[in-house]
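The values are calculated or read from the model by the stated rules, or taken from the named source; none is laboratory data. Worth saying up front: this structure is predicted, and the values here are computed from it rather than measured. A quick note on method: Cβ atoms are made from the backbone with ideal geometry, for glycine too, and the neighbour counts reach across all protein chains shown.
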Amino acid sequence: MSLSALIRKRRPGNFATATVATSATVQPRPQTSVATVASVGVANAESAQADSVKCHSRWLFHFTDGNDLPVPVEPAVDDAKTLSYYPDAVVAEPIPDRPQRVPTEVEANEIRALIGGVSANETDDDRRTCSQCLNLMGRVCTIARPGGLVSANPGYRPATPILQRCAGYLPNSTDHDQRRGNERWPGL
């Protein structure tokens with residue numbers, strides 16, 4: 001049964017009531033000075049206001065039947081608006097955003113190479129991608145042989161967009177350096 005069918009099926013007269021438990025004993029208030037009350041009151045009011053106005057784009061709704069429902073919301077909303085989406089929910093809590101990891105400079109350069117961009121640091125890079133090599137037919141490296149220049153099983157499919165140095169590299173006509181891989185990188 002879909003969620004909209006469940007909402008339509010709900011009968012408005014069957015609400016459960018909840019009573020908030022209150023403390024039976026009264027704690028005496030400690031005597032405080034005016035300055036202490038003012039500083040604590042202002043700090044608490046600001047933090048409470050900042051927390052209540054915070055908007056989130058992912059919420060976890062809790063229901064009385066124990067089934068929790070994570071819901072993405074666009075645009076981001078505060079907790080008062082969120083509960084209006086699911087009136088049967090007991091409470092809604094924000095799901096924290098996942099921290100975004102910043103790529104390192106090397107990863108950023110590899111990403112730029114994948115999408116075709118070139119940075120100032122990459123202009124002196126002597127590595128090439130397999131897609132620039134004439135030994136790549138379709139997605140298969142044609143010179144791959146165990147113990148050969150490209151030591152791999154026949155039918156080897158390299159990761160074509162990654163910059164690398166390969167002894168079996170055969171430059172295409174657009175490469176300004178027409179040396180083969182074993183001449184270009186003799187240490188491989």
> Among (1) at pLDDT below 90; (2) within 23 Å of residue 110 (Cα to Cα), where does residue 148 come up short?
Replying inline: (2)
>> On the basis of being in the same structural domain as residue 108 (by TED's automatic domain parsing) and either of a type outside the set (S, T, N, Q) or touching a strand residue (DSSP E or B) at 6+ places or on another chain (Cβ under 6 Å) (or both), does residue 163 make the cut?
In response: yes
>> Please go through region 134-166 and give me each residue that is in contact (Cβ under 8 Å) with a residue 12 or more places away in the chain, small (Gly, Ala, Ser) and surrounded by 14 or more Cβ atoms within 10 Å (Cβ to Cβ), ordered by number.
In response: 144
>> For region 97-130, which positions are closer than 30 Å to residue 68 by Cβ and either charged (D, E, K, R) or at pLDDT 80 or above (or both)?
In response: 97, 98, 101
>> Being assigned by TED's automatic domain parsing to the domain that holds residue 109, under 22 Å from residue 113 (Cβ atoms), of a type in the set (Val, Ile, Thr) and in contact with a strand residue (DSSP E or B) (Cβ under 8 Å, 6 or more places away or on another chain): is that true of residue 142 here?
In response: no
>> I need the full set of residues from region 55-98 which are in contact with a Cys (Cβ under 7 Å, 6 or more places away or on another chain) and either in a strand (DSSP E or B) or surrounded by 15 or more Cβ atoms within 10 Å (Cβ to Cβ) (or both), in order please.
In response: 76, 77
